[in-house]
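The values are calculated or read from the model by the stated rules, or taken from the named source; none is laboratory data. Keep in mind that what you see is a predicted model, and the values were worked out from it rather than measured. A quick note on method: Cβ atoms are made from the backbone with ideal geometry, for glycine too, and the neighbour counts reach across all protein chains shown. When the accessible area is computed, the model is the full protein with side chains, heavy atoms only, and any ligands, DNA or RNA have been set aside. Shrake-Rupley method; radii C 1.70, N 1.55, O 1.52, S 1.80 Å.
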Amino acid sequence: MNYQNIVTTTENGIGQITIHRPSKLNALNVATIQELHSAFESFDTDATTKVIIITGEGEKAFVAGADISEFAHFSIEEGAQLAAQGQELLFDFVADLKTPVIAAINGFALGGGLELAMSCHFRIASDNAKMGLPEVSLGVIPGYGGTQRLPQLVGKGRAMELIMTAGMIDAETAKSYGLVNHVVPQAELLEFTKGIATKIMRNSPMAIGKAITAINASYKDGENGFKTEIKNFGKCFGTEDFKEGTTAFLEKRKPSFSGK
Ligand code: COA
């Protein structure tokens, strides 16, 4: 598909989305959010794409936030609608995808950029990355899930401090907080991330999708994660992947998963 603000590529089962507005430090305007939704949806529905990696163009920024120029004059209703639409189209959509999504944070991940990275299933940062939720410095609060996902990842006290100070943390601090899983030199970021994607791809896509749903369940209103786990565990037994995985183990060979 032809996109204006993002570039998508596929290689060996890995779908890569690169946000491409380098002159605006890859800031997320509404058009970019819509394109990201389409790209994630088409990778998720393509059975040959096993893992999705999202990153930003250039050496400076993953995403420097929502595009401030777009919402500076919004009314109360327009502000609420911006947050609601963004959460539905992109941030919750990514968090709930059955295909694993890894954020490769290659520089600034601020505001909506960090919120996008936090929607992904996990994060890997380059050593120059800087992360923060600076919204209160603009007189607004995080609106793309940041007040919920940051405390889930780093704990309430750290989230309170980061949001209240509007400060930035470096990659090593983010790792020590559990916000990113690994920190690597910038030149190695994509290869390293693809290496982890390749390990994921050896496993059952069906089981991975069910594990994502079970892990996410404890963060959803009115859902009991343990019950979702039991239900999804049971469902696995009726799948081709389960038959293949257990048979391959007993036959001492590598499994070949269909994802069904
Ligand atoms: N929205 C819109 N435009 C943005 C942007 C954003 N969130 N972040 C950066 N840009 C634009 C700048 O306006 C500038 O555009 P211009 O060249 O047309 O003036 C361009 O990207 C480069 O940014 P600049 O500020 O000149 O780079 P810098 O290296 O001096 O500073 C940052 C980098 C990330 C510290 C700074 O851009 C910044 O603070 N951005 C906003 C971060 C933020 O508050 N995000 C949360 C939004 S809710």
Val51 passes all but one of (1) at pLDDT 95 or above; (2) open to solvent by 10 Å² or more (accessible area, probe 1.4 Å); (3) more than 13 Å from Ile6 (Cβ to Cβ); which number fails?
(2)
Only one of (1) under 30 Å from Arg253 (Cα atoms); (2) assigned to a helix (DSSP H, G or I) does not apply to Asn203, and that is (2)
Contact list please: Cβ distance under 9 Å, first residue in segment 68-84 and free of Cβ contacts under 8 Å to residues at least 60 places away in the same chain, second residue more than 15 Å from the ligand (Cβ to nearest atom), pairs at least six apart or on different chains.
Phe74/Gln81
Can you pull out every residue in segment 14-43 that is among the small types (Gly, Ala, Ser) and touching a strand residue (DSSP E or B) at 6+ places or on another chain (Cβ under 7 Å)?
Gly15, Ala27, Ala39
Go through segment 235-260 and give me each residue that's on the phi > 0 side of the Ramachandran plot and either open to solvent by 50 Å² or more (accessible area, probe 1.4 Å) or touching a Cys at 6+ places or on another chain (Cβ under 7 Å) (or both).
Lys252
Taking segment 109-131 and keeping residues within 14 Å of the ligand (Cβ to nearest atom) and surrounded by fewer than 24 Cβ atoms within 10 Å (Cβ to Cβ) leaves Asn128, Lys130
Subset of segment 215-260 (residues that are among the hydrophobic types (A, V, I, L, M, F, W, C), assigned to a loop (DSSP other than H, G, I, E, B) and under 27 Å from the mean Cα position of the chain (by Cα)):
Phe257
Can you go through Val63, Val51 and tell me which one is more than 13 Å from the ligand (Cβ to nearest atom), among the aliphatic types (A, V, I, L, M) and either in contact (Cβ under 8 Å) with a residue 60 or more places away in the chain or under 22 Å from Ile102 (Cα atoms) (or both)?
Val51
Can you tell me how many residues in segment 210-234 are of a type in the set (Ser, Thr, Tyr) and surrounded by 14 or more Cβ atoms within 10 Å (Cβ to Cβ)?
2
Residue list for segment 139-158, restricted to those being within 16 Å of the ligand (Cβ to nearest atom) and small (Gly, Ala, Ser)
Gly139, Gly143, Gly145, Gly146
Does segment 1-47 hold any residues that are part of a loop (DSSP other than H, G, I, E, B), among the small types (Gly, Ala, Ser) and open to solvent by 30 Å² or more (accessible area, probe 1.4 Å), and which are they?
Ala47
Scanning segment 6-59 residue by residue, the ones that are closer than 19 Å to Gln85 by Cβ and of a type in the set (Ser, Thr, Tyr) total 2
How many residues, within segment 166-220, are among the polar types (S, T, N, Q) and in contact with a helix residue (DSSP H, G or I) (Cβ under 9 Å, 6 or more places away or on another chain)?
6
